[in-house]
Each structure stands twice: as C-alpha cells, then as structure tokens.
1. Starting with the highest mean, order 58-64, 42-48 by the number of other Cβ atoms within 10 Å, averaged over the residues of each peptide.
2. Per residue of region 60-74, what does 6.51 cos²θ - 1.76 cosθ + 1.60 with θ = phi - 60° give for ³J(HN,Hα)? Whole Hz please, x for Gly and Pro, Karplus curve as stated.
3. Where does each of Leu56, Leu65 land when they are ranked from fewest to most other beta-carbon atoms within 10 angstrom?
4. Put a dot 7 Å past each Cα toward the Cβ at Leu52 and Asp72; how far apart are the dots in nm?
5. Using 0.36 nm per residue, how much length does the chain from Ser44 to Tyr63 gain when fully extended, once their Cα-Cα distance is taken away?
6. For a quick check: sort Trp84, Trp54 by the number of other beta carbons within 10 angstrom, fewest at the front.
Amino acid sequence: MGMGSGGGMEWRAGMNGQLHVRERCGQGQGHWQFQMPLHYPRYSRADYETMLEWKLDCLLQEYGLPVTGDVDYKRKFAMGSFLWIN
C-alpha cells in the first residue's frame, strides 16, 4: 500500500491501485450512500485542466460518477460531464 498527500489530505492506494476516495473526500470508514448534490458544479474549462486529481476524484464521486483512470481521463470525463457546449 502506498501513502501520499494531496492538497493536505492523506490518501492510500488500495490493493487494486485505486485511491480510497471515500476517506479522502471526508466520508470516513462508515456506510456511504449516494445523494445527488443540490448544485451543478460551476468550474470553467481552465479549472478542470488544472484541478488536482484528489479534487477531481471527490467531484466525480460526489455526483456518483466513476472515479477510475488516470488524471487526464478524469479531467476529460469531468469536462464532458459538467461543461456546457459553447
């Protein structure tokens, strides 16, 4: 298991290499149930392009979206999910 730091939050790589997103996003070890957030994310394309991976993980997980792949894939997925086409 690897240990690291992301923006002041601790994270652990699991046996399958995925991050324990629930722990990193403040949901702890207890039972977690999805609940749709009240507001749509208001980030710009530039925000997503520079967003740290742990923040992308939390955002995607908050909306019940998959948190898999590398950081570039997560950025593209978030932009495709949340940005309006101009």
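Coordinate-derived values only; no laboratory data. These numbers come from a predicted model, not from an experiment. Cβ sites come from the backbone with ideal geometry, for glycine too, and all protein chains shown count toward neighbours.
1. 58-64, 42-48
2. For region 60-74, the Karplus curve yields 4, 5, 4, 9, x, 9, x, 10, 10, x, 7, 5, 5, 5, 4 Hz.
3. The fewest-first ordering by Cβ neighbours comes to Leu65, Leu56.
4. 2.2 nm
5. Stretched out fully, the Ser44 to Tyr63 stretch lengthens by 5.1 nm.
6. Going from least to most buried by this count: Trp84, Trp54.
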